[in-house]
Amino acid sequence: MTHDHHEIPRYTPEQTELALNPPAGRNGGDLVVETLHGLGATTVFGLPGQHALGMFDALRRSDLDYIGLRVENNAGFAADAYGRVTGEVAPLLLSTGPGALTSLAALQEAAAASSPVLAISSQIPSAGLGGGRHGYLHELCDQQASFRDIVKSVHLVRAPSQIPSAIAAAWESALTAPHGPVWVEIPQDILLKETTLPLVTAVDATPRELLPRPELIAVAAHALSHALRPVIIAGGGVVRADAAGKLRALAEKLNAPVVTTFGGKGAFPWEHPLSLQSWLEDRHTTDFLEDADVVLVVGSGLGELSSNYYTFRPRGRVIQIEADLGKLESNLPALGIHADAREALSALLESVTGREGAEAARDAVRTVLEKVRARLDAQDLALEQRVLASVREALPATAPSFWDMTILAYWAWSAWPGPMHSGQGAGGLGYGFPAALGAAAADRTKPVLAVSGDGGAMYSIAELATARQYDLPVTWLIVDDGGYGILREYMTDAYGETTGTELARPDFVALAQSFGVPAVRTSPETLREDLSKALAAPGPSVVVLPALLKLFAPTHLPADRPTP
């Protein structure tokens, strides 16, 4: 058996001299920062705390950009977004106990959305580890246990020499498909301990390739090549694998209509004649997908939203390409192909034979979209569609957008024509604004839009100070309907009245201005103009839209389904 080996770089005499005589005054925190730099990190997010001060002091001696948020959960959302828009690992520096635990909801979102977040947390001193109750500040008997169910991998450091390798292993884990958050813990005394170890320079953390098995590709290619009515469901795995071009080529070769999941927005061109867009919560789309004789699912687990609340029951053969082994066939029986989306699509593209029927496929897509449009037009939804159109028209084509769990975001999942990012993976509140800050930190040359309801906005108000401190070009649209709007709808439909959904809230315009952030109150008639102005201005801004929006009627309940 032979093994491939990476060639170890040879040091010059000058480099060897530096390795033999490293700078004085370094500690474990410096090893953390040097390793991150050696791995290619340029920006880190976080919040300091007593046990983590060794890491944060080391930042002062580095050229890493630090973005400090006001709440650890928001720092996690910012790191998540940075990872989503760059495809790179986003380091997140946290303190022990309450600081670490406050990041849990953000790490759950990163796990659900497969965002490569590298969380590095401090720990109580090494003497306190092992499960005893010593009474240290922030002490948890087993801090790792709180994160094991969420992150991809956990790495505990017990000596300074372990720091570079532990962080490199976590980095590799975060970037190996499926991407995801990882957790590293370093005790306070290890971070503060002086070290004479050489400066960390080159660090290899190349992610493992996840290649499809050739016999499965052969079977899938045969089924697709001979299908009469193939369709493709494209999920977030296509976007994360940078496989949109491969997907389009395959769809055009097969003349297969494509629907993108809410997490897969941007995987396929919205206006393409084969595009079913993203109307997955519409029964007309579900019926069409069920009628296909071969359904190719790429980079999606067909979860609750992607399956129209588990009402999708395909009659044809399902082929599922998924990097997350736990999602393979978790909801529907399929020919499961455990692989990165780009690698599998490349292999299929080489193996399938072209199909006739371009006009029939395009006619079928037009018919489905016309039925969807007619269903919406039969409801009183002019205000909602006008508001969403105004936002779309105001946002520059290349500007990213981040959406909280709010009614306008639920609309955008189905109706937004291009890439968008939301907290729908885990479904927690407070994602939109801090995530937009993370994306702005990755690229300050273009504006970023955040969209929240008034309820979700209250989770993130403190980050107005972050936006101002770092002068990040984020415009925050807050749709103020006086409560948790979607829960108001759900409770009214289910029980006829609401409990706990109505909220007192501040004057968001005055509040933003108190942070030194320009703000304006708008209306549906002036939204496009006001939002355009805010996005064009440098630095942060807030636009408040008082409006009571409704969601389109569901189609997943038997009583809601349209007659054929």
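See the values below:
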read-out	value
Odd one out for Met420, checked against (1) free of Cβ contacts under 8 Å to residues at least 60 places away in the same chain; (2) of a type in the set (A, V, I, L, M); (3) in contact with a strand residue (DSSP E or B) (Cβ under 7 Å, 6 or more places away or on another chain); (4) surrounded by fewer than 24 Cβ atoms within 10 Å (Cβ to Cβ)	(1)
Filter result for the condition that a residue is in a strand (DSSP E or B) and open to solvent by less than 20 Å² (accessible area, probe 1.4 Å), over Ser414, Ser390, Ser452, Ser460	Ser452
Residues of the stretch 367-389 satisfying the condition of being in contact (Cβ under 8 Å) with a residue 60 or more places away in the chain, over 14 Å from Trp416 (Cα atoms) and β-branched (Val, Ile, Thr)	Val368, Val372
Residue count, the stretch 54-79 (criterion: without any contact (Cβ under 8 Å) to a residue 40 or more places away in the chain and open to solvent by 10 Å² or more (accessible area, probe 1.4 Å))	10
So Glu281, is it within 28 Å of His179 (Cα to Cα) and modelled with pLDDT under 95	yes
Qualifying positions in the stretch 114-147 - touching a residue at least 12 places away in the same chain (Cβ under 8 Å), open to solvent by 20 Å² or more (accessible area, probe 1.4 Å) and within 26 Å of the chain's Cα centre (by Cα)	Gln144, Ser146
Considering residues of the stretch 87-110 that are β-branched (Val, Ile, Thr) and touching a strand residue (DSSP E or B) at 6+ places or on another chain (Cβ under 7 Å) only, the residue nearest to Phe45 (Cα to Cα)	Val89
Long-range neighbours under 7 Å by Cβ, at least six apart or interchain, first residue in contact (Cβ under 8 Å) with a residue 12 or more places away in the chain within the stretch 247-262, second basic (Lys, Arg)	Leu254/Arg355; Asn255/Arg355
Residues being of a type in the set (Asp, Glu) and surrounded by 17 or more Cβ atoms within 10 Å (Cβ to Cβ) - total across the stretch 357-387	1
Every residue from the stretch 35-51 that is more than 19 Å from the chain's Cα centre (by Cα), closer than 20 Å to Val200 by Cα and open to solvent by less than 10 Å² (accessible area, probe 1.4 Å)	Thr35, Leu36
Filtered residue count, the stretch 199-221, keeping only those that are open to solvent by 30 Å² or more (accessible area, probe 1.4 Å) and closer than 30 Å to Ile232 by Cα	10
The listed residue being under 28 Å from the mean Cα position of the chain (by Cα) and farther than 19 Å from Ile407 by Cβ, out of Val509, Val474	Val474
Scope the stretch 317-335; condition open to solvent by 20 Å² or more (accessible area, probe 1.4 Å) and among the small types (Gly, Ala, Ser); matching residues	Gly326, Ser330, Ala334
Leading residue by the ranking (surrounded by the fewest Cβ atoms within 10 Å (Cβ to Cβ)) among those in the stretch 226-263 that are part of a loop (DSSP other than H, G, I, E, B) and more than 16 Å from the chain's Cα centre (by Cα)	Leu228
Ala397 being more than 27 Å from the chain's Cα centre (by Cα) and at pLDDT below 95	no
Single match in Ala547, Ala534, Ala504 (criterion: under 23 Å from Gly482 (Cβ atoms) and surrounded by 21 or more Cβ atoms within 10 Å (Cβ to Cβ))	Ala534
Filter result for Arg10 (among the basic types (Lys, Arg) and modelled with pLDDT of 75 or more)	no
Count of the stretch 165-198 residues which are farther than 21 Å from Leu325 by Cβ and either in contact with a strand residue (DSSP E or B) (Cβ under 7 Å, 6 or more places away or on another chain) or surrounded by 23 or more Cβ atoms within 10 Å (Cβ to Cβ) (or both)	13
In the stretch 469-499, residue surrounded by the most Cβ atoms within 10 Å (Cβ to Cβ) [restricted to those that are touching a strand residue (DSSP E or B) at 6+ places or on another chain (Cβ under 9 Å), farther than 25 Å from Pro538 by Cα and not polar (S, T, N, Q)]	Gly485
Trp183 under 24 Å from Thr86 (Cα atoms) and in contact with a Phe, Trp or Tyr (Cβ under 7 Å, 6 or more places away or on another chain)	yes
Boolean, Leu487 is over 25 Å from Pro400 (Cβ atoms) and out of contact with any Cys (no Cβ under 6 Å at 6 or more places or on another chain)	yes
Residue count for the stretch 429-473, restricted to those that are farther than 17 Å from Leu511 by Cβ and of a type outside the set (A, V, I, L, M)	10
Extreme residue, nearest to the chain's Cα centre (by Cα), among residues of the stretch 336-356 that are open to solvent by less than 30 Å² (accessible area, probe 1.4 Å) and of a type in the set (A, V, I, L, M, F, W, C)	Ala341
Single unsatisfied condition, Val318 versus (1) at pLDDT 95 or above; (2) hydrophobic (A, V, I, L, M, F, W, C); (3) within 22 Å of the chain's Cα centre (by Cα)	(3)
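A quick yes/no check of all residues on (1) over 25 Å from Ser401 (Cα atoms); (2) hydroxyl-bearing (Ser, Thr, Tyr):
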| position | (1), (2) |
| --- | --- |
| Val231 | yes, no |
| Val239 | no, no |
| Pro269 | no, no |
| Tyr309 | yes, yes |
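Let's see how each residue does on (1) of a type in the set (Lys, Arg); (2) outside any loop (DSSP other than H, G, I, E, B); (3) over 18 Å from His179 (Cα atoms); (4) touching a residue at least 12 places away in the same chain (Cβ under 8 Å):
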residue: Gly301; (1), (2), (3), (4): no, no, no, yes
residue: Arg313; (1), (2), (3), (4): yes, no, yes, yes
residue: Ile319; (1), (2), (3), (4): no, yes, yes, yes
residue: Thr353; (1), (2), (3), (4): no, no, yes, yes
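The values are calculated or read from the model by the stated rules, or taken from the named source; none is laboratory data. Just so it is clear, the model here is predicted, and its values are computed rather than measured. Cβ atoms come from the backbone with ideal geometry, glycine included; neighbour counts cover every protein chain shown. Surface areas here come from the heavy atoms of the whole protein model, side chains and all, with no ligands, DNA or RNA. Shrake-Rupley method; radii C 1.70, N 1.55, O 1.52, S 1.80 Å.
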